[in-house]
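Student: Take a look at the following structure, please.
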Amino acid sequence: MSYTPLPAAGIADEDALRERVARGLRLLAVPFPWLSGLAAATRFTFDHRIATMGVFASGRMIANPQFVARLSERDLSFVLAHEMLHLALRTHDRLRGGDPLEFNYAHDYIINDMLRVALGRTTIPAGGLDMDGARLRSAEDIVLEMRRNEGAARKEVWTGEAHGDVLSAKDERAMFPDDASDPEREAQATRELAARALGLARAIAARGRGSDAGSARQVVDALRGVYRPPWELALQRWLESVAPGERTFTRASRRGAQRTDLVLPGRRREGWTLNVVLDTSGSMTQSIAHALGAIADFCDIAAVEEVRVLQCDVQVTADERLAPFDLVRVAIAGYGGSDMTPALDLLGADPDVRATLVITDGDVSYPTAPPPFDVLWALTPDAGGGFAPPYGRLLRMEETR
């Protein structure tokens, strides 16, 4: 983000504009009563280093006064609600791991479409990003569409803004170095307010009466597109957390661990390989297709170029590298016993393996010592409740979305 001040000419009275913004935040309680607590906690300031408006995870909102001055009262309310919804929908947390600007734009499309319906608008103010029906889709789906139509993709949230409006903690520290507040502590408080706001939105929508329920219902319905079920979110976040970033010399490559005369850098995030150990024991016959289909859904958004699939019952029966879309056509070999040790030991001997996803029903044996890479145990929907490995992370998949 650029911090070069923009021209400040043409602003007659910033105090009057600041009062307009404060009034706009208060008036959000009319169509969105569940946002009132979050709006009241927002810290607003004008800043000529941003072209339009943006919000930090800490709840700090900044805006260019010239941008605010150009907005009608009605349009200002829309734009303020847009920024509040970034906080309510936890956009700052969800854009970690992938391309932050892409995800910012995807949520902009979703939020603007939510507000268009909830507020009865026919157009998006301030030249905002506009995609009819975006509220019914996931951000991941929209990111993929943006990539497919890169030439036609917009590169601004509001007309005149060359950057996203979801601003990072790094930006906040750079722009306000003398601020004594703790951005992370403020961000945690904002996350708690956001959780309460969404809980209230659901309660209002469920009550289904009065003028408030309609807009709340739109938000709750849109959340079904914005958010995937908890196990899918956990899977996505794990994929993003283990995706290799651009290599630096801060942490040596495992491949060079035995060398004392050089340090190897890491690889860029682009085009990485996801390692999957597939439990092909006899008890897994009903769950494999569902599990592999779920993995395939996330590979594109996590920039997975290929998937290395090791099938294992009591031995490795297959070790192949596939394109993500081929996962749903994997030919299963095995259906014998239940011991994942051979597959995990095989991957442990490969210094390039940084993380492995193990798909299992939990009725398996595994190495007693943790392998030299991150492990995510994905339990299939029919798994029992006694599986508790001493290492790695555990998630339980659900049968339906």
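Student: What order, most packed first, do the peptides 310-318, 102-110 have when packing is the mean number of other Cβ atoms within 10 Å of each residue? Spell out each step's value before the answer.
Tutor: Numbers: 310-318: 19.9, 102-110: 25.7.
Averaged packing, sorted descending, gives the order 102-110, 310-318.
Student: Moving on to the next point. Among Arg60, Arg354, which comes first, then next, by fewest other beta-carbon atoms within 10 Å?
Tutor: Arg354, Arg60
Student: Show me 66-76, 384-394, 134-144 ranked by packing, highest mean number of other Cβ atoms within 10 Å first.
Tutor: Final packing ranking: 134-144, 66-76, 384-394.
Student: While we're looking at this one, here's another question. Hey, what do the phi angles of segment 65-76 turn into as Karplus ³J(HN,Hα) couplings, whole Hz, using 6.51/-1.76/1.60 and θ = phi - 60°, x for Gly and Pro?
Tutor: x, 5, 5, 5, 4, 7, 8, 5, 4, 5, 5, 4
Student: Still on this structure, I have one more. Ranked by Cβ crowding within 10 angstrom, fewest neighbours first, how are Ser338, Ser241, Ser58 ordered?
Tutor: Ser241, Ser338, Ser58
Student: Of His82, His163, how do they rank once you tally other Cβ atoms within 10 Å and put the fewest first? Each step should come with its number before you reach the end.
Tutor: Details: His82 25, His163 18.
The fewest-first ordering by Cβ neighbours comes to His163, His82.
Student: Now, a different point. Highest mean first, what order results for 356-369, 115-128 on Cβ atoms within 10 Å?
Tutor: Working: 356-369: 19.4, 115-128: 17.6.
Most protected by this proxy first, the peptides run 356-369, 115-128.
Since every read-out is calculated from the coordinates, none of them should be taken as a lab result. Remember, predicted model here, so these are calculated numbers, not experimental data. Glycine gets a Cβ as well: all are built from the backbone with ideal geometry, and neighbour counts include every protein chain shown.
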